[in-house]
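Only the coordinates and a few stated rules stand behind these numbers; no lab work does. Because the structure is predicted, anything quoted here is derived from the model rather than measured. Glycine also receives a Cβ, built like all others from the backbone with ideal geometry; neighbour counts cover every protein chain displayed.
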Amino acid sequence: MPDWKEQIRKQLAGLKLAPTREAEIVEELAQHAEDRCRELEASGAAEAEARRITIEEIGGHELLAKELEAVERTDAPEPVVFGARSKARFLTGLGQDLRYGFRTLRKSPGFTAIAMLALALGIGANTAIFSVVNGVLLRPLAYPDPNRLLNIWETTAEFSQASVAYPNYLDWRRANHSFTDMGTYRGDDFNFTGSGEPEQVAGEYVSASLLPVLGVTPFLGRGFLPEEDRQGAPCAVMLAYGFWNQRFAADPNILGKSLTLNAVNCTVAGVLPRDFRFSSARVYMPIEQMNSVELRTRESHPGLRVLGRLKPGVTMAAAQTEMASICTALSHQYPASNAGRGVSVVRMKDDMVGYIRPTLLLLVGAVGFVLIIACANVANLLLARSAARGREFAIRAALGADRRRVVRQLLTESVLLALGGATIGLPIARWGTSLVLAAAPGNLPRSQEIGIDPYVLLFTLAVSTLTGVLFGLAPAFHGANANPQDSLKEGARGAGGGRHRAESVFVAVEVGLAVILLVGAGLMIQSIWRLWRVNPGFNTRNVLTTEVALSPQVMGSPAGIRLAYQQLLGRVAAIPGVQSAALTALLPLGESDSEIPFWPGTGPQPPQDRLKLAVSYLVSADYPRVMQIPVRRGRFFTERDNLNSPQVAVIDEVFARHIFPDRDPVGQQIGLMVLGPVRIVGVVGHVKQWGLDSDDTSKVRDQIYIPFLQIPDRFMTEGVAGVPIVLRTIPEPLSLVNAVRTQIAGPARDQPIYSVRTMEQIISGSLAERRFTMLLLIIFAATALLLAAVGIYGVMSYAVTRRTHELGIRAALGASRREIVGLVVRQGMKVAGVGMATGLVAALALTRLMADLLYGVRPADPATLATVTLLLGGVALLACYIPARRATAVDPVVALRCE
Amino acid sequence: MEDRSIDREWKKGSAELLLLSLLEALPRHGYEISKLIEQRSQGALRFHVASLYPMLYRLEKRGWIQGRWVEKSGQRRRRYYRLTSQGRKVLASQREGWQTFVAAIGRITGVENA
């Protein structure tokens, strides 16, 4: 039997096929020939005859070669011509690069996994923070033409944004030409008597014009009509979508039905859309339903906010100018109430999110650093690999590949890595986002709008591609610059010095950025720690606070309300474990504030701009006992200070120093707006009303306590629906909640409690935003520290391996272990030291940006800087020491033999 | 020259139809295909190595058939060709074209279509 393969190979010789393809064809055709030859023999042909026929059939007249050439030639790989720039060639090349990249990465799964994980951490964290920034800062508000929505505030000497007096709002609305319309609103709680137990629901009083100003149409029914927003009109109500869903089972026939709010029957006019996120209110009522003297008096500012929609073509500045002139006119017309009052228009979105912007931008910067550190780490990994691949590049170069092509191949690989990292990073981002939201302060604006949307995905894609190019660039150019001769000559040892320099630079950058993040985190920790130690002016431990909705039965008469509160306090104080109980219209460090204008002396009330402001606490007699606020002079008031006795007040020490610097305030008289003259009977300690951090710098610091029992009848029925109760308890406060609930509910079980919190929770809430920043900075700094340590360790380990030979010689020449360890550690610490020094300088510059978030510590706090230096120095030392120890284990004989 | 090339294309077209038809039912290797053509045409048509394999490779390149090395126990491995879904579509349309063509020729030449 002849060698058919040889026969066929001869035929194909001229075709110059790819070796694997040729082998395949040869095998297949040889088989055919063999079968054919056997068949011929079986049918009676002589062996020689059969062979002749078969050979004839295979390739008589070179037929096979000709036919095959026609087919196979088009299949031959296109010769790669460098410098040719046709698009097709580029795409083919890209396809090749991608395929090759995939293969290369698959071949070293360990490297790929580590690099992708580092990138996934960086990209995931960045995506998480970006999705928060996107939802809060970038995405426009969900109203038509949201940039024309402006908040309009009153301004005073003390406040740049004060709430608006209702009569002023009405005048503004009538007089202005800048806005298509204005609306006003004010949050309040309503006592909702549904089918079961009464409950307190969050509500909002709104003007009929508010929805049209926002550009929102109800989901069901209609908004309020102007005639419903008039004093004495029958009560109409609109429901939030969620409330309608949960409490009325999404009843489609809800319109026109009636529900009882604050013991008044209200007809449902409409249901708001599902995505209406204007406020967290569950029910909305026309503002004129707010049956309050405060609404009608120009002196009062009962927390009304005003929103306007700019007319097309009117600028914010023009609106501000027009509003200011309206305000001037009003202050001339009503000097008693309006003198010194100005106006300020602010874009609604800026008002909502402006205060959190610096915090979020700080976090964007911090998380960006984490990504850069991750990039530097991966770049180092790639550099180490490119040394190992030096021969590959050298061979490519020797075969005529130009630098561009090699760079492109390497960049394709790193972009592939980054995209892989992004794929793993996205789940991390989702998880991270929910973590951020869980840790975010409860009042983080627009938090429901945070999520992963196309913009976030686009961001991730952009960041990861950019990342890939960024960390791939240095290794790529290094690989491309490899001199073929050097690399091929060098043998087992790694490539030359350029790579080591790049490695050191990357490690120094990592260390530097880690320093910045650590300093930032350290400063935040210090601030929070100092804030916790600030004395708020009262004892925060074992205080329970709750808000109470009085029974609708007693709301009718002022005397009834007074009695109800007194009985309620009596019942609560009798609970075993409760030491004392008091009511207060204002909780310290809470979210609300209340000021009363006053004037010293016994004269008549001066004009508005000559009045002073004090934080006012409307409290019952036991308040200082519950809060443990010290009484410095005189006395606090008692139950006997009531409507039948002269009006009294107690001031705090700041008020005393401010108004009576040279006199004993006890016995002095002052005038209070609305209430008239009162006599000061005592001085108590100052309470940090405006927050542990900002109270010292706030403009209104004088505080005045007014006896609840001396509130005149005409003010009694308003603003007492949800007055907080404070209790000092002996056991853990929250353990008494059930007993308190039962006692407050009363015989008719119609007085619900809500917003039950301990005073410590309120304090903690007041620090939420800072704690949020601190927490994230700690996470970022810890990640940075870890990555930097890994970076140093990796580079030092590699350096030790590279220097095995040298260290072996040193050991052979008598260097002690100590000397060798010292040698290696010194090399590593030099790099870390440069990074740390650079980082400290950069930190000094950058932490100044976070000065507003700090408390009691300067950005250039020496203790923080020293701690960070020590911490990072220690970690770097450890990361150098471990490889150095390994270096001493080098056996000189082995080391020298490996050449 | 021109005549010859038309002739060639013509043959090539019908040969492709033959190969695709033979692979319709089940995958076969090259030698099997050549035997089947010879048997079913009762010796009238013969495909030798030099014409058969280049044609198979061409069909494979077009994605109409796909070859795969199959090793059956006790035998050497062989390359089996199977029809791809694209090939199946091409076969259907070629078959239709062929029938139309044959019918047209029949109508013109007076030879009855079987």
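Tabulated data for the structure shown
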| quantity | calculated |
| --- | --- |
| Segment A:Arg404-A:Thr217, length gained on full extension (0.36 nm per residue, minus Cα span) | 61.4 nm |
| Relative contact order for the stretch A:163-340, counting Cα pairs under 8 Å that sit 6 or more residues apart, in percent | 33 percent |
| Partner chain coverage, peptide B:34-41 - average Cβ within 10 angstrom | 1 |
| Ellipsoid semi-axes in whole angstrom, largest first, where each is sqrt(5λ) of the Cα gyration tensor of the stretch A:4-75 | 25, 12, 9 |
| Over the protein assembly as shown: Rg over Rh, Cα atoms, Kirkwood Rh | 1.17 |
| Largest-first ellipsoid semi-axes for the stretch A:105-251, taking √(5λ) over the Cα gyration tensor eigenvalues, angstrom | 45, 25, 16 |
| In degrees, nearest ten, helix A:558-573 long axis to first principal axis of chain A (Cα) | 60 degrees |
| Relative contact order [Cα under 8 Å, 6+ residues apart], chain A, whole percent | 14 percent |
| Inter-label distance for A:Ala23 and A:Asp181, nm, one decimal - labels placed 7 Å from Cα along Cα-to-Cβ | 8.3 nm |
| 0 to 90° range, to nearest 10: angle between helix A:316-333 axis and chain A longest Cα axis | 10 degrees |
| Per-selection Kirkwood Rh - chain B (Cα, Å, 1 d.p.) | 15.5 Å |
| Efficiency of FRET from Cβ geometry, A:Thr465 and A:Val737, R₀ 60 Å, rounded to 0.05 | 0.65 |
| Additional length obtainable on full extension of the chain from A:Gln96 to A:Ala768, 0.36 nm per residue less Cα span | 236.6 nm |
| Formal net charge of residues neighbouring B:Thr84 (Cβ-Cβ distance under 13 Å; K, R +1; D, E -1) | +4 |
| Debye equation applied to the C-alpha atoms of the stretch A:711-805, log10 I(q)/I(0) at 0.13, 0.19, 0.24, 0.25 Å⁻¹ | -0.75, -1.03, -1.19, -1.22 |
| Other protein chain Cβ atoms within 10 Å, averaged over every residue that makes up A:687-696 | 0 |
| Sequence ranges A:599-606, A:512-519, ranked by mean other-Cβ count within 10 angstrom, highest first | A:512-519, A:599-606 |
| Formal net charge of residues neighbouring A:Asn338 (Cβ-Cβ distance under 14 Å; K, R +1; D, E -1) | -1 |
| Under 5 Å, built H, 5+ apart or other chain: amide partners of A:Gly221 | A:Val271 |
| Computed label-point distance, nm, for sites B:Ile105 and A:Lys257 using a 7 Å Cα→Cβ extension | 8.3 nm |
| Residue-count net charge about A:Val164 - beta-carbon cut-off 11 Å; Lys, Arg +1, Asp, Glu -1 | +3 |
| Cα-based Kirkwood hydrodynamic radius, the stretch A:823-877, one decimal, Å | 12.3 Å |
| Degrees between helix A:768-802 axis and first principal axis of chain A (Cα, 0 to 90, nearest 10) | 20 degrees |
| Inter-label distance for A:Leu870 and A:Ser698, nm, one decimal - labels placed 7 Å from Cα along Cα-to-Cβ | 3.8 nm |
| q = 0.11, 0.13, 0.18, 0.28 Å⁻¹: log10 I(q)/I(0) that the Debye formula gives for the stretch A:533-596, counting C-alpha atoms only | -0.36, -0.50, -0.87, -1.27 |
| Rg and Dmax [Cα atoms of the stretch A:185-304; Å; Rg one decimal, Dmax integer] | 13.6, 44 |
| Volume of the Cα convex hull of the stretch A:604-655, divided per residue and given in Å³ | 123 Å³ |
| Among the listed pairs A:Lys5/B:Lys89; A:Lys66/A:Lys107; A:Lys5/B:Lys35; A:Lys311/A:Lys699, those beyond 31 Å (Cα-Cα) | A:Lys5/B:Lys89; A:Lys66/A:Lys107; A:Lys311/A:Lys699 |
| Distance from the stretch A:115-180 to the stretch A:249-269 (C-alpha centre basis), Å | 32 Å |
| Distance histogram in 10 Å bins (all Cα pairs of the stretch A:551-750, percent per bin) | 8, 33, 36, 17, 4, 0 |
| Cβ neighbours within 10 Å from other chains - mean over A:23-32 | 5 |
| Tail beyond 26 Å, pair distance distribution of the stretch A:635-760 (Cα, percent) | 40 percent |
| Taking only Cα atoms of the stretch A:761-899, radius of gyration then Dmax in Å | 20.8, 71 |
| R0 of 45 Å, Cβ-Cβ distance A:Glu6-A:Tyr455: FRET efficiency to nearest 0.05 | 0.10 |
